[in-house]
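The values are calculated or read from the model by the stated rules, or taken from the named source; none is laboratory data. Values in this document were obtained by computation on a predicted structure and should not be read as measured data. Backbone-built Cβ (ideal geometry, glycine too); neighbour counts: all protein chains shown.
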Amino acid sequence: MKIVYVLNTYPQPSHSFIRREIQALERQGFEVARLAMRASDAPLVDDGDTAEAAKTEYVLAKGLGALARALLREVTQPGFGTVLKQAIAMGRQSSTGVLRHLIYLGEAAWVKQRCASQGGEHMHAHFGTNSTAVAMLAHLLGGPTYSFTAHGPEEFDVPQSLSLGAKVNASAFTVAISSFGRSQLSRWAEFDAWDRIKIVHCGIEPQKFADPAEMPDGDLRLAAIGRFVEQKGQMVLVHAFADVVKAQPKAQLYLIGDGDLRADLEAAIAHHGIGDNVTLTGWLDEAGVRAQLAQAHALVMPSFAEGLPMVVMEAMAAARPVIATYIAGTPELVVPGQTGWMVPAGDQEQLARAILELAETSTDRRAEMGQVGRLRVLERHDSDTEAAKLAAHIRSTRR
């Protein structure tokens, strides 16, 4: 069976889970075409992302003329007026406007026709944003069935602006990555669509964590991984870590990633005088991330909003305890007292206290927590196991 992944910006350094899912589906026997609206502006530091970029066809790179011609071919088709009204209604409800949704309609026309020429039997999108709008409109134009994976937090922040309920209702099925995510989708979907909202976790590749490094001794070393944006909470972490350094002057924090808040974070680090304690590494490839986790005593995830963070799964697979916040699907993975610590989002004092508790925890106890977390994540988040679930849902659309 040939399926078409409809994506916005792909590949991206922070979206390696999509690449793993596609490759796992290919191991399940699917032929997968990758259609992305645009290429990433971020440098691709991982060879796997570079290889994926070479396999991806970019819709907007075809030019507005190609999209306009594709749209004109649809104008005379039965039902086009209804789809046009749907695109306009979605645009009026959105923050991006009607013109942007008319562009999505042009992209949808091109995607629909590309699916037909390639023999694509089903479309799957990631994130309930513009990529799913394109897949939905392509389906309404007469293209294949579609499904999409909603991650959060973006979809759950502005569900009405994204016409999230309409996207769920028109889909063959919708994927949530956690029970929390399923509950949020259910808020906006029709009751009749609830049983088509399926839980499929994002997955890791266990073989890449087959031999986790032993828990290191020495002064406290933490890793925090993610884009430098407000929702990831690194600013709270820097302020909390300044309090930690007062009691643990040799403690080290490695901030792995990059983003718009880099200068603000650097200013806060300088303000607290902890430049010798905090390192900003920039983006690292998967091997580099695993190397950082191997040297760390724990991962810290101070986010204000998430779906279900991949970096938490990777840290647990690397047998490292996790300090995370009580948000979204994270409590479904991190178990306080067993695999790590949970703190209220945005609470600098409690975050610092949890880090200091970790510092006072013995190496043996840290290792024990890491092993419990490792078993938990391998049981719940094997990429091949989760892809098999998604594959079954996709195959069910052919019945």
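What is the residue count in segment 171-211 for residues that are without any contact (Cβ under 8 Å) to a residue 12 or more places away in the chain and closer than 16 Å to T149 by Cβ?
2
A125 fails exactly one of the following numbered conditions: (1) hydrophobic (A, V, I, L, M, F, W, C); (2) part of a helix (DSSP H, G or I); (3) in contact with a Phe, Trp or Tyr (Cβ under 7 Å, 6 or more places away or on another chain). What is the number of that condition?
Failed condition: (2).
Among the residues of segment 216-248, write down those that are without any contact (Cβ under 8 Å) to a residue 12 or more places away in the chain and either assigned to a loop (DSSP other than H, G, I, E, B) or touching a Cys at 6+ places or on another chain (Cβ under 7 Å) (or both).
G218
Given (1) buried (at least 24 other Cβ atoms within 10 Å of the Cβ); (2) in a helix (DSSP H, G or I), identify the lone condition not met by S183.
Result: S183 fails condition (1) only.
Filter segment 6-43 down to residues that are closer than 23 Å to D382 by Cβ, crowded, with 19+ Cβ neighbours inside 10 Å and small (G, A, S), then give me how many there are.
Matching residues across segment 6-43 total 2.
Select from segment 66-91 the residues that are more than 32 Å from the chain's Cα centre (by Cα), at pLDDT 95 or above, within 15 Å of Q113 (Cα to Cα) and not charged (D, E, K, R) and list them in ascending order.
Residues satisfying the conditions are L72, V75, F80.
Pairs, please: C-beta under 9 Å, at least 6 apart or cross-chain, first residue over 16 Å from G106 (Cα atoms) and in segment 77-95, second among the hydroxyl-bearing types (S, T, Y)?
Once the first residue is over 16 Å from G106 (Cα atoms) and sits in segment 77-95, its partners that are among the hydroxyl-bearing types (S, T, Y) give Q93/S161; Q93/S163; S94/S161; S94/S163; S95/S161.
Which ranges mark the strands (runs of 3 or more DSSP E) fully within segment 1-104 that have 1 or more residues being closer than 24 Å to I204 by Cβ and among the small types (G, A, S)?
Working: elements: 2-9, 31-38, 56-58.
In segment 1-104, the matching strands (runs of 3 or more DSSP E) lie at 31-38.
Mind checking whether some residue in segment 61-69 is touching a strand residue (DSSP E or B) at 6+ places or on another chain (Cβ under 9 Å) and either of a type in the set (D, E) or surrounded by fewer than 21 Cβ atoms within 10 Å (Cβ to Cβ) (or both)?
Restricting attention to segment 61-69, the residues satisfying the condition of being touching a strand residue (DSSP E or B) at 6+ places or on another chain (Cβ under 9 Å) are 61.
Restricting the remaining residues to those that are either of a type in the set (D, E) or surrounded by fewer than 21 Cβ atoms within 10 Å (Cβ to Cβ) (or both) gives 61.
There is at least one residue in segment 61-69 that is touching a strand residue (DSSP E or B) at 6+ places or on another chain (Cβ under 9 Å) and either of a type in the set (D, E) or surrounded by fewer than 21 Cβ atoms within 10 Å (Cβ to Cβ) (or both).
For A210, indicate whether it is out of contact with any Lys or Arg (no Cβ under 7 Å at 6 or more places or on another chain), at pLDDT 95 or above and not aromatic (F, W, Y).
So A210 fails the test.
Go over the candidates R20, R27 one by one and state the one that is within 19 Å of the chain's Cα centre (by Cα) and closer than 21 Å to L390 by Cβ.
Matching residue, one of R20, R27: R20.
Of the conditions (1) at pLDDT 95 or above; (2) under 18 Å from V134 (Cβ atoms), E52 clears all except one; give me its number.
(2)
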